[in-house]
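Every number in this text was worked out from the coordinates using simple rules, so none of it is lab data. This structure is a prediction, so every number in the text was calculated from the model and none was measured. Using ideal geometry, Cβ is built from the backbone for each residue, glycine included, and neighbour counts are taken over all protein chains shown.
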Amino acid sequence: MTFDVAPELTQFATSVRGAMGDWAPQREPPLGDWQDDRDEELAGRLADVGWSELWASDELLGPVVAGAIELGRAAAPLSLLDEPTLGAPLFVGGRARHARGAAAVAVPRRGGGLALGTPAGEGHAEPTLDGTGTLILDIGAAGELEPVAAAACWRAWNAATLAYLAGLASRALELAVEHARSREQFGAPIASLPAVQSRLADAALATDASTLLAWAATVSDVSIQDGELRWAGSACCDVTASAQQVHGAIGFALETGLHAYYRRARATQAWAVAACDALR
């Protein structure tokens, strides 16, 4: 795909990438146990380059997308999307992600509203296959945001989530291509096999479409794009699944790190769909 990104946005993406440094998702997660990949040190490093200050106006949605793509490529904690855009951890269907110790949670309201609710107690830690630190919570009083503010929050969250999904797909595809070029079967790299080429081509098309969709969110007047977000979640899951297929059995080995992208894609899709449903 050929797509020209403004130099200042490319520079900001580089700053985000530099702030993240060598951060990487946990290679051997405690499967079956409660997991939370929230990282305060990482959040602080990103705040130093201005990540937490990007949500004040629509003019800043370009940096939002540029930075969130980099977060997706690292499979970074989803708290880095929720809290800068919504002002608190996301709460949907009685569950909140990355909410341990939080003073408030962001509650979607029908019609595009948003409220900040107060957790009633510490909640019940729910084991998941991804590091979203899911808590089952009851919430008390919820303060409604003004409609204009709520729309701005959801628009920023939508753009960031679309970009994050595009970043996840992009990195998973790169890992698949690298493996296909280095892994040999029948005396040649598996990248030369038509079946592998076809799978990678489909994944590349979906990744390009996801990236363009994320950038399109910076110019749309819609605060949250239900159909687009659902499609992007599904496409990202398909790309990461294709990357697993290209890797074969080794793709599920913890040492490769590819499993983190597959699991994070599934988790991000599930939460995004749940948020869309709550807003209807």
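Per the Kirkwood treatment, what hydrodynamic radius in Å, one decimal, follows for segment 1-114 from the mean inverse distance over all distinct Cα pairs?
Details: mean 1/r = 0.0643 Å⁻¹.
Over segment 1-114, the inverse of the mean reciprocal pair distance is 15.5 Å.
Per the Cauchy relation, a quarter of the hull surface: what is the mean projected area of the convex hull of the alpha carbons in segment 74-175, in nm²?
Numbers: hull surface 27.1 nm².
Over all viewing directions, segment 74-175 projects a mean Cα-hull area of 6.8 nm².
Only the Cβ atoms of Lys and Arg (+1) and of Asp and Glu (-1) were treated as charged; on that basis the dipole of segment 15-172 about its Cα centre amounts to roughly 420 debye. Taken over segment 149-280, the alpha-carbon convex hull comes to 93 cubic angstrom per residue.
Annotation for segment 56-146: trypsin sites (Lys or Arg not before Pro) lying in DSSP loop with at most 13 further Cβ atoms inside 10 Å of their Cβ are Arg110. Remark: relative contact order (the chain) = 21 percent; criterion is Cα-Cα distance under 8 angstrom and separation of 6 or more residues. Against the chain, whose longest principal axis is taken from its Cα atoms, helix 147-182 shows a tilt of about 20°. Which is the longest run of the chain containing none of the chymotrypsin sites (Phe, Trp or Tyr not before Pro) found in DSSP loop states (not H, G, I, E, B) with at most 12 other C-beta atoms within 10 Å? Looking at the chain, 4-185 is the longest stretch - no exposed chymotrypsin sites (Phe, Trp or Tyr not before Pro) with at most 12 other Cβ atoms within 10 Å. Seen against the Cα atoms of the chain and their longest principal axis, helix 258-279 is set at about 40 degrees.
In square nanometres, what is the average projected area of the Cα convex hull of segment 216-280? Intermediate values should be presented prior to the final figure.
Details: hull surface 20.2 nm².
That works out to 5.1 nm².
For the Cα trace of segment 1-45, dividing Rg by the Kirkwood Rh returns an Rg/Rh value of 1.16. May I ask which residue of Leu46, Tyr164, Ala274 lies farthest towards the positive end of the charge dipole of the chain, with charges of +1 (Lys, Arg) and -1 (Asp, Glu) on Cβ and the Cα centre as origin? Projecting each Cα onto the dipole axis, the largest value belongs to Ala274.
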